[in-house]
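The values are calculated or read from the model by the stated rules, or taken from the named source; none is laboratory data. Worth saying up front: this structure is predicted, and the values here are computed from it rather than measured. All Cβ positions, even for glycine, are placed from backbone atoms using ideal geometry, and neighbour counts span all protein chains on display.
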């Protein structure tokens with residue numbers, strides 16, 4: 001069915017955003033540009049792999065593509081955190097039920113002596129009776145003895161399985177006591193401060209105080225990067241912790257792979273829904289990650305189950321969907337992004353997220369203005385909401401109400417434009433401050449075809465352009 005002219009802009013614009021991970025399959029300047037042109041709004045650099053020179057090159061490629069396309073994109077530094085892995089192993093080792101193996105830090109693997117090298121001193125954190133999963137959950141074991149002097153934990157194997165070089169270990173019941181930033185993470189944070197990152201993703205968070213600690217580190221080092229919390233531990237999803245973590249963060253990622261191992265696969269869909277709802281309530285960006293289109297690592301098309309997974313996240317109102325191995329190591333990285341974009345567009349145009357006109361429990365001025373903007377825009381069938389914003393707060397507040405039309409954010413701050421690139425329904429533009437910056441951009445977008453003559457837009461601004469926290473004016477304009 002043909003849409004009215006005022007709604008034409010929404011046809012060509014996706015509201016849920018796409019984050020792609022850069023890896024061996026996409027470590028090329030031309031491929032990075034292809035990804036951005038295909039619909040990627042943010043790029044994730046995984047600091048579990050690679051070196052600093054490689055990262056500097058990738059950052060330069062991303063910024064070059066962004067400038068060439070005149071499209072702000074976000075760059076995310078994903079810290080490794082206390083990701084525990086096995087050490088070097090030659091080939092494959094078979095583990096059998098009821099065997100007892102020693103996991104030793106700074107040791108060599110010896111199959112005959114049933115000894116496995118690990119890259120983390122588990123003896124400083126683990127207790128007898130706690131579960132330990134190897135190979136990302138494929139082998140289950142239980143700790144039977146802890147020997148800190150030998151940097152060793154001994155575990156009894158619960159099922160037959162195999163392990164290989166540097167495969168992941170999960171310890172869901174182990175309390176790291178706030179020690180989730182490793183020495184490597186601290187070095188990486190300093191590198192990030194000195195380079196061009198918009199977000200820092202924090203791994204294996206257990207409670208809000210850890211997020212606050214990272215924020216102090218970033219602030220003390222002069223960083224303007226925002227924090228993404230990866231929810232992937234059993235502690236993080238406890239009711240007394242989850243909402244506090246969301247409030248402490250700027251964005252929250254449902255890291256479904258490790259979360260499934262740590263808390264149980266059956267828990268993940270409900271946690272995903274809860275996190276999206278909490279992020280929407282508190283004005284945080286929600287990101288759904290892990291195996292969204294995993295089959296496309298090897299196949300040129302997604303499975304029906306994966307399409308349903310992506311569509312479900314869109315219908316739930318997630319801000320972003322993230323691709324990991326699909327773009328980092330897959331055979332079809334660009335095709336995967338294109339397929340995800342098609343699913344997002346088809347879903348949003350046929351099962352749109354309902355706009356939220358009033359947030360229960362919210363009473364601040366900014367949210368009241370945003371509620372009024374959404375109500376007005378829906379009632380007059382506006383083609384777009386144009387938000388003049390210095391800090392990005394105005395655009396983020398409007399996005400929490402899940403508008404059915406684009407949010408066009410206008411800012412003079414390059415960092416803010418890039419950070420808003422992964423915000424729901426948002427399209428960022430970098431422009432000088434001025435009383436008519438938003439209106440001038442709307443007229444410019446008419447010339448490019450994004451908007452049309454006769455479209456109605458709602459402009460949100462402040463009487464002091466460029467001043468943070470002064471949004472107080474709502475205007476209607478017919479182009």
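Structure above, values below:
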read-out: Residue 231 vs. criteria touching a strand residue (DSSP E or B) at 6+ places or on another chain (Cβ under 8 Å) and either under 25 Å from residue 84 (Cβ atoms) or modelled with pLDDT of 95 or more (or both); value: yes
read-out: Breaking point among (1) at pLDDT 95 or above; (2) buried (at least 17 other Cβ atoms within 10 Å of the Cβ); (3) not in a helix (DSSP H, G or I), for residue 94; value: (2)
read-out: Test result for residue 325, surrounded by fewer than 21 Cβ atoms within 10 Å (Cβ to Cβ), modelled with pLDDT of 95 or more, at negative phi and under 15 Å from the mean Cα position of the chain (by Cα); value: yes
read-out: The range 277-291, residues that are more than 18 Å from residue 322 (Cα to Cα) and assigned to a loop (DSSP other than H, G, I, E, B); value: 283
read-out: Unmet requirement for residue 274, which otherwise passes all of (1) touching a strand residue (DSSP E or B) at 6+ places or on another chain (Cβ under 6 Å); (2) closer than 15 Å to residue 242 by Cα; (3) assigned to a helix (DSSP H, G or I); value: (1)
read-out: Within the range 135-155, considering residues that are under 29 Å from the mean Cα position of the chain (by Cα) and on the phi > 0 side of the Ramachandran plot, the one surrounded by the fewest Cβ atoms within 10 Å (Cβ to Cβ); value: 136
read-out: Considering residues of the range 55-73 that are in contact with a helix residue (DSSP H, G or I) (Cβ under 8 Å, 6 or more places away or on another chain) and closer than 17 Å to residue 415 by Cβ only, the residue surrounded by the fewest Cβ atoms within 10 Å (Cβ to Cβ); value: 71
read-out: Residues that are surrounded by 15 or more Cβ atoms within 10 Å (Cβ to Cβ) and over 34 Å from the mean Cα position of the chain (by Cα), drawn from the range 115-134; value: 115
read-out: Test: residue in the range 124-137 that is touching a helix residue (DSSP H, G or I) at 6+ places or on another chain (Cβ under 9 Å) and more than 25 Å from residue 183 (Cα to Cα); value: yes
read-out: Strands (runs of 3 or more DSSP E) contained in the range 120-173 and holding at least 2 residues at pLDDT 95 or above and under 20 Å from residue 263 (Cβ atoms); value: 131-134, 139-147
read-out: Exclusive hit being in the same structural domain as residue 193 (by TED's automatic domain parsing), in a helix (DSSP H, G or I) and within 19 Å of residue 420 (Cβ to Cβ), set 54, 67, 33; value: 67
read-out: Filter pass, residue 414 being touching a helix residue (DSSP H, G or I) at 6+ places or on another chain (Cβ under 7 Å) and surrounded by fewer than 24 Cβ atoms within 10 Å (Cβ to Cβ); value: no
read-out: Helices (runs of 4 or more DSSP H) lying entirely in the range 298-398 (those with 3 or more residues that are touching a helix residue (DSSP H, G or I) at 6+ places or on another chain (Cβ under 8 Å) and farther than 16 Å from residue 14 by Cα); value: 325-328, 333-350, 365-379
read-out: Enumeration of residues in the range 399-440 that are assigned to a loop (DSSP other than H, G, I, E, B), in contact with a strand residue (DSSP E or B) (Cβ under 6 Å, 6 or more places away or on another chain) and without any contact (Cβ under 8 Å) to a residue 40 or more places away in the chain; value: 431
read-out: Residues being crowded, with 24+ Cβ neighbours inside 10 Å and under 9 Å from residue 206 (Cα atoms) - total across the range 222-236; value: 4
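Condition check ((1) on the phi > 0 side of the Ramachandran plot; (2) under 20 Å from the mean Cα position of the chain (by Cα); (3) free of Cβ contacts under 8 Å to residues at least 12 places away in the same chain) across all residues:
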position	(1), (2), (3)
43	no, yes, no
46	no, yes, no
49	no, yes, no
58	no, yes, no
67	no, no, yes
87	no, no, no
96	no, no, no
99	no, no, no
